[in-house]
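This report concerns only the one structure given below.
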Amino acid sequence: MRLAMIIASIVLATVSGVMVGRAQTGHRPLSVAEEHALKPKDAFRECDKCPEMVVVPAGSFTMGSPDSELNRGRFEGPQHLVTFARPFAVGKFAVTFAEWDACVADGGCDGYTPKDERWGRGRRPAINVSFDDANAYAAWLSAKTGKSYRLLSEAEREYATRAGTTTPFWWGAAISPKQANYRGTYIYGDGPVGPYRQRTLPVDSFQPNLWGLYQVHGNIWEWTQDCWHVNYDGAPADGSAWESESCSYRMVRGGSWAAYPGDLRAAERGRFAPDFRGNSHGFRLARALAP
């Protein structure tokens with residue numbers, strides 16, 4: 001019996017289709033076989049201080065907002081069908097200060113240590129990082145793991161936010177400060193007022209959406225790879241990032257702790273210069289999976 005228990009203790013356990021039980025060896029990059037075994041909503045981490053990733057399913061969705069949606073912006077149309085032929089992985093959380101600081105300690109991220117505004121580091125989202133900074137982090141993580149990490153496209157970010165829903169927020173048509181971190185003294189629809197916290201919260205605050213992703217609405221604006229376009233005429237239908245030769249602005253999604261509730265809608269689009277660093281701006285990552 002004792003021998004059986006010892007053997008069992010060293011066998012890798014399988015949780016949600018992902019090999020775990022790496023207490024002694026640490027997290028490591030997935031093999032091709034392990035990637036093939038992944039199912040939607042499975043989670044994995046490829047180094048001890050790497051972001052935790054969640055598998056998002058293949059599928060289609062209608063990107064943009066209908067004319068009837070409250071606070072709809074003129075840049076959110078025309079609505080169009082986007083299809084993802086394959087599943088991909090998305091950060092369960094925005095990249096945290098702990099993860100960013102690990103990059104700097106390892107000689108990456110251009111040695112840049114962003115300010116935390118005295119709100120705390122650790123599990124709070126990394127802020128005061130630009131689009132260029134976010135790509136420096138993705139480059140470091142890709143080199144460290146041998147895998148291709150990158151920013152999400154706008155389409156991927158909206159698809160992952162909605163998680164199969166069509167309402168302004170993944171949980172419905174109204175919002176409460178109990179569901180997200182934003183300027184809670186203002187209302188959206190028939191939602192209630194609440195506190196305006198005036199700072200970020202830890203990335204695991206509030207409930208995750210139906211695909212297991214946290215704070216896809218509020219807390220921080222998240223950089224995406226796309227360039228600014230005034231509408232979706234000519235937008236890619238495969239979910240890839242929409243680049244252009246002249247790219248003065250990069251797109252952000254999700255709203256923030258300082259944003260009004262309507263700015264947290266799944267379809268809301270914002271734009272900033274790629275070198276802009278703000279205390280409401282951060283990012284999460286995506287990763288392609290082995291075909």
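The values are calculated or read from the model by the stated rules, or taken from the named source; none is laboratory data. Model, not experiment: these values are computed from the prediction. So basically every Cβ, Gly included, is an ideal-geometry build from the backbone, and we count neighbours across all protein chains shown.
For the range 106-126, state whether one or more residues are modelled with pLDDT of 95 or more, buried (at least 18 other Cβ atoms within 10 Å of the Cβ) and in a helix (DSSP H, G or I). Yes, because at least one residue in the range 106-126 is modelled with pLDDT of 95 or more, buried (at least 18 other Cβ atoms within 10 Å of the Cβ) and in a helix (DSSP H, G or I).
Of the strands (runs of 3 or more DSSP E) entirely within the range 224-288, those holding at least 3 residues that are hydrophobic (A, V, I, L, M, F, W, C) occupy 285-288. Just to be sure before I move on: is His217 in contact with a Gly (Cβ under 7 Å, 6 or more places away or on another chain) and at pLDDT 95 or above in the structure I sent? So His217 passes the test.
State whether one or more residues within the range 143-161 are at pLDDT 95 or above, surrounded by 17 or more Cβ atoms within 10 Å (Cβ to Cβ), at positive phi and not in a helix (DSSP H, G or I). No, the range 143-161 contains no residue that is at pLDDT 95 or above, surrounded by 17 or more Cβ atoms within 10 Å (Cβ to Cβ), at positive phi and not in a helix (DSSP H, G or I). When the residues of the range 177-223 are filtered to those that are not charged (D, E, K, R) and not in a loop (DSSP other than H, G, I, E, B), the one that is surrounded by the most Cβ atoms within 10 Å (Cβ to Cβ) is Trp223. Restricting attention to the range 232-275, the residues being surrounded by 15 or more Cβ atoms within 10 Å (Cβ to Cβ) and polar (S, T, N, Q) number 2. If you go through the range 68-89 and keep only what is out of contact with any Pro (no Cβ under 9 Å at 6 or more places or on another chain), within 25 Å of Asn231 (Cβ to Cβ) and of a type in the set (A, V, I, L, M), you end up with Leu81, Ala85.
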